[in-house]
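For reference, the structure discussed in these notes is given below.
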Amino acid sequence: MKLKSFRNQEFDRGVSKLVELAWVVSQSVLFDSFLPGSWWRAKLLTWFGARVGRGVVIKPGVRIKFPWKLTIGDDCWIGEGVWIDNLDFVVLFEDTCISQGVYLCTGSHDWSKESFDLITKPIVIGPCAWVGAFCKVAPGVQIAFGSVCVMGSVVTRSTGEWEIWGGHPFEKIKSRPR
């Protein structure tokens, strides 16, 4: 690969550079801080275009790349140190728990091309799902209704409904009781 040949003109950041700059400042000064409180974090996200449901808990130290590419359903929990690196859309359905230290990654690169082209794919986490502490979730993954990804997993593929998955390599462990 020849990194000097990388071009990113086709990538749509979703907002103007001024709005993105305002978010970067707001996030670094307020949102990503260790100040307590969820309601004001949810409100700040909505000011920057996120869709945020009722009863959402957002702990201190959360990082979000582009709030305008984020949907959070009712009664979701997002733990300390979560990084939502959403170059593409991330959707968290209702009653989803994203535990501390989770990394949601929607972007990668095409290593087979000399220009190392950017690739983005959305992440969707279904209702009643739980992404355990320190999991890493790859671009394009869909975690189905009621599924659990156990602590420290590298989530490289989508799950079925009401299943427990884990490890690296990521594999189904068993079905989850309803």
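The values are calculated or read from the model by the stated rules, or taken from the named source; none is laboratory data. From a predicted model like this one, the values you see are computed outputs, not experimental measurements. Note: ideal-geometry Cβ built from the backbone for every residue, glycine included; neighbour counts use all protein chains shown. Ligands, DNA and RNA are excluded from the accessible area calculation, which covers all protein heavy atoms including side chains. Shrake-Rupley method; radii C 1.70, N 1.55, O 1.52, S 1.80 Å.
Provide the descending list of Cα extents for the chain along its principal axes, expressed in whole angstroms.
Computed over the Cα atoms, the extents are 49, 42, 22 Å.
Would you pull out the residues with amide H under 5 Å of Ile64's amide H, same chain only if 5 or more places away, H placed 1.01 Å from N?
Ile84
When only DSSP loop residues count, what chymotrypsin sites (Phe, Trp or Tyr not before Pro) in the stretch 1-103 have their Cβ near at most 13 other Cβ atoms within 10 Å?
Phe11, Phe34
Strictly over 32 Å apart at the Cα level, which of Lys59/Lys121; Lys4/Lys43; Lys2/Lys136; Lys65/Lys113; Lys43/Lys174; Lys4/Lys59 would you flag in this model?
Too far apart for the 32 Å limit: Lys4/Lys43; Lys43/Lys174; Lys4/Lys59.
Residues with amide H under 5 Å of Ser33's amide H, sequence separation 5 or more or different chain, H placed in the peptide plane at 1.01 Å from N; which?
Gly61
Given the rule -39500 (n - 2.57) for each run of at least 4 DSSP H residues, summed and divided by the residues of the chain, what is its mean residue ellipticity at 222 nm, to the nearest 500 deg cm²/dmol?
Rounded to the nearest 500, the figure is -3000 deg cm²/dmol.
Show me, for the stretch 103-114, the HN-Hα J-couplings you get by feeding each phi into the Karplus relation (A = 6.51, B = -1.76, C = 1.60, θ = phi - 60°), rounded to Hz, glycine and proline as x.
Values, residue by residue: 10, 9, 10, 9, x, 8, 9, 7, 5, 7, 9, 4 Hz.
Go through the stretch 114-178 and name the GluC sites (Glu not before Pro) that are in a DSSP coil and have 13 or fewer other Cβ atoms within 10 Å of their Cβ.
Hits after loop and neighbour filter: Glu114.
Compute the convex hull volume of the Cα atoms of the stretch 129-178, divide it by the residue count, and report the result per residue in Å³ as a whole number.
57
Give the accessible surface of the stretch 107-173 per residue, rounded to a whole number of Å², with probe radius 1.4 Å and ligands, DNA and RNA excluded.
49
Return the sequence-ordered ³J(HN,Hα) values of the stretch 165-170 in whole Hz as given by the Karplus equation 6.51 cos²θ - 1.76 cosθ + 1.60 applied to θ = phi - 60°, using x for Gly and Pro.
3J(HN,Hα) across the stretch 165-170, in whole Hz: 10, x, x, 8, x, 6.
So what is the relative contact order for the chain, in percent, with contacts set as C-alpha pairs under 8 Å and at least six apart?
Computed value for the chain: 14 percent relative contact order.
Rounded to a whole number, what % of the accessible area of the stretch 53-143 do carbon and sulfur atoms account for, probe 1.4 Å?
C and S atoms contribute 58 percent here.
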